[in-house]
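Trainee: Below is the structure I would like to discuss, written out as structure tokens.
The values are calculated or read from the model by the stated rules, or taken from the named source; none is laboratory data. Bear in mind the structure is a predicted one, so any value in this text is a computation, not a measurement. For neighbour counting, all protein chains shown are included, and Cβ atoms are generated from backbone atoms with ideal geometry for every residue, glycine included. To get the accessible areas, we keep the full protein, side chains included, count just its heavy atoms, and leave off ligands, DNA and RNA. Shrake-Rupley method; radii C 1.70, N 1.55, O 1.52, S 1.80 Å.
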Amino acid sequence: MRLTDPQSTNEDQGLDQTLRPKTFKEYLGQEKTKENLRILIGAAKKRQEPVEHILLSGASGLGKTTLAHILAYEMGVGLKVTSGPAIERVGDLGSILTNLSDGDILFIDEAHRLNKLIEEVFYPAMEDFKLDIVIGKGPSARTLQLDLPRFTLVAATTRPGLLSTPLRSRFGVSFRLDFYQTPDMEKIIERSAKILRVDILPEATKIIAQCSRFTPRVANRLLKRVRDFAQVKNSGQIDELLAKEALAMLEIDELGLEPIDRQILKIIIEKFDGGPVGLQTLAAATCEEEDTITDVYEPYLMQIGFLIRSPRGRMASREAYAHLNQKLPQDYQKKLI
Ligand SMILES: Nc1ncnc2c1ncn2[C@@H]1O[C@H](COP(=O)(O)OP(=O)(O)O)[C@@H](O)[C@H]1O
Ligand SMILES: [Mg+2]
């Protein structure tokens, strides 16, 4: 497994749960989104109505699932968690929806992977809290309409662009989680260190924050690895040197890049002369899945300005050349145009 992969792995599940903030107060950063959600909840409470359906988008590990849990906690309602690919048949959806209570939140992770047939059943459920069930087949088939509890759908997606327009338009509000600011990352690491009872100096916190790809899940994972390293070394306290040693051993550089990230950039630079290179070609050359490139590697490489995505393909930026100590090709400027 890649250490800085922002996607959740089995190993993470325990860590995610231990460190997951339970209230808005514990959820650090993303101030604008938090403020808007607070207002939304306050207004709904006043009207004594369920909150509108909410769409949360943003890269893996930024806190979408956490927000869904916080919303349920702050509203004092129940939460049912499922995911797009887990709802295979209309019957599955029916049993989930009819088992909700008034006001409950239904959280659907990876909403862009909902199957289209299920999506269509969802529309009347979202709009009018009705469920249409077809009984029987052929000419004798009948449609039965069930009343559903007034639930709030909270959907999360890493790829909002893949959501169908009719589904997207049925959300009352939509929020995009951004990569975190470095000071917020430091606060998140401090908080996690307290919970895990790790003794860490501010300088070391800074080092880990810089390598965490502006992503809380990555920060927590690195903190845990550095702690393990400290324990093996019998160091009670994590200082700057120890943090650096641990990260070097894990082959994570000062920008949080792992060998595979550098490999991708190197292939673009050496094999494709800096690009532009199409996604398919790049996937073949790096032996990675196209989806893994777009969902896992690219968001961060683009965020730090190392990768440029244009309609003609991917290009390595000047900064990427500099970081890898490579010489810019003579015609580089022309390629950008
Ligand atoms: N704003 C935040 N403040 C503190 N910790 C956070 C925050 N957002 C996420 N985390 C931490 O990162 C982990 C991953 O977040 P999660 O909500 O599962 O991300 P996503 O669902 O977007 O992939 C959580 O378990 C939590 O410990
Ligand atoms: Mg999640």
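Trainee: If you check every pair at least six apart or on different chains, which have Cβ atoms under 6 Å apart with a residue in the stretch 257-270 that is within 19 Å of T215 (Cα to Cα) first and a residue that is crowded, with 20+ Cβ neighbours inside 10 Å second?
Mentor: So the pair list comes out as E258/T4; E258/I252.
Trainee: Would you check if there is a residue in the stretch 282-294 being touching a Leu at 6+ places or on another chain (Cβ under 7 Å), open to solvent by 20 Å² or more (accessible area, probe 1.4 Å) and not β-branched (V, I, T)?
Mentor: Yes, there is a match, as at least one residue in the stretch 282-294 is touching a Leu at 6+ places or on another chain (Cβ under 7 Å), open to solvent by 20 Å² or more (accessible area, probe 1.4 Å) and not β-branched (V, I, T).
Trainee: Exactly one condition in (1) without any contact (Cβ under 8 Å) to a residue 40 or more places away in the chain; (2) at positive phi; (3) within 21 Å of the chain's Cα centre (by Cα) is false for G138; which is it?
Mentor: With respect to (1) without any contact (Cβ under 8 Å) to a residue 40 or more places away in the chain; (2) at positive phi; (3) within 21 Å of the chain's Cα centre (by Cα), G138 is out only on (3).
Trainee: Next up: If I filter the stretch 51-58 for residues that are in contact with a strand residue (DSSP E or B) (Cβ under 8 Å, 6 or more places away or on another chain), in a helix (DSSP H, G or I), modelled with pLDDT of 95 or more and within 21 Å of L167 (Cβ to Cβ), do I get at least one hit? Walk me through it before giving the result.
Mentor: In the first step, residues of the stretch 51-58 are kept if they are in contact with a strand residue (DSSP E or B) (Cβ under 8 Å, 6 or more places away or on another chain); the result is 51-58.
Filter again for in a helix (DSSP H, G or I), leaving none.
Looking through the stretch 51-58, none of the residues is in contact with a strand residue (DSSP E or B) (Cβ under 8 Å, 6 or more places away or on another chain), in a helix (DSSP H, G or I), modelled with pLDDT of 95 or more and within 21 Å of L167 (Cβ to Cβ).
Trainee: Regarding E127, is this residue more than 30 Å from K46 (Cα to Cα) and in a helix (DSSP H, G or I)? Step through it out loud before you land on a result.
Mentor: On the way: more than 30 Å from K46 (Cα to Cα): no; in a helix (DSSP H, G or I): yes.
Taking the combined requirement at face value, the residue does not satisfy it.
Trainee: Among the candidates G236, G256, G275, which residue alone is closer than 26 Å to K334 by Cβ and outside any helix (DSSP H, G or I)?
Mentor: Numbers: G236 fails: closer than 26 Å to K334 by Cβ; G256 fails: closer than 26 Å to K334 by Cβ.
G275 is the lone residue from the list that is closer than 26 Å to K334 by Cβ and outside any helix (DSSP H, G or I).
Trainee: Right, something else. Pick from Y332, Y300, Y321: which is in contact (Cβ under 8 Å) with a residue 60 or more places away in the chain and aromatic (F, W, Y)? Give the derivation first.
Mentor: Values: Y332 fails: in contact (Cβ under 8 Å) with a residue 60 or more places away in the chain; Y321 fails: in contact (Cβ under 8 Å) with a residue 60 or more places away in the chain.
Going through Y332, Y300, Y321 in turn, the sole match is Y300.
Trainee: Sort out for me the strands (runs of 3 or more DSSP E) sitting completely within the stretch 132-210 that have 1 or more residues that are open to solvent by 70 Å² or more (accessible area, probe 1.4 Å) and not aromatic (F, W, Y).
Mentor: 142-147, 173-176
Trainee: Here is a list: S235, S192. Which entry is in contact (Cβ under 8 Å) with a residue 60 or more places away in the chain and either of a type in the set (G, A, S) or under 17 Å from D12 (Cβ atoms) (or both)?
Mentor: Of S235, S192, the one residue that is in contact (Cβ under 8 Å) with a residue 60 or more places away in the chain and either of a type in the set (G, A, S) or under 17 Å from D12 (Cβ atoms) (or both) is S192.
Trainee: Still on this structure, please answer the following. Mind listing just one residue for me: the one in the stretch 74-98 that is assigned to a helix (DSSP H, G or I) and open to solvent by less than 30 Å² (accessible area, probe 1.4 Å) and, of those, nearest to D132 (Cα to Cα)?
Mentor: G94
Trainee: Hey, can you tell me all the residues within the stretch 108-129 that are in contact (Cβ under 8 Å) with a residue 12 or more places away in the chain and either open to solvent by 60 Å² or more (accessible area, probe 1.4 Å) or more than 16 Å from R170 (Cβ to Cβ) (or both)?
Mentor: D109, E110, R113, N115, K116, L117, E127
Trainee: Something else: Name the residues in the stretch 222-242 that are crowded, with 16+ Cβ neighbours inside 10 Å, closer than 24 Å to D16 by Cβ and out of contact with any Cys (no Cβ under 9 Å at 6 or more places or on another chain), would you?
Mentor: L223, K224, R225, V226, R227, F229, A230, I238 - these are the residues of the stretch 222-242 that are crowded, with 16+ Cβ neighbours inside 10 Å, closer than 24 Å to D16 by Cβ and out of contact with any Cys (no Cβ under 9 Å at 6 or more places or on another chain).
Trainee: From the set of residues in the stretch 1-34 that are modelled with pLDDT under 95, more than 14 Å from ligand 2 (Cβ to nearest atom) and assigned to a loop (DSSP other than H, G, I, E, B), which is surrounded by the most Cβ atoms within 10 Å (Cβ to Cβ)?
Mentor: T4
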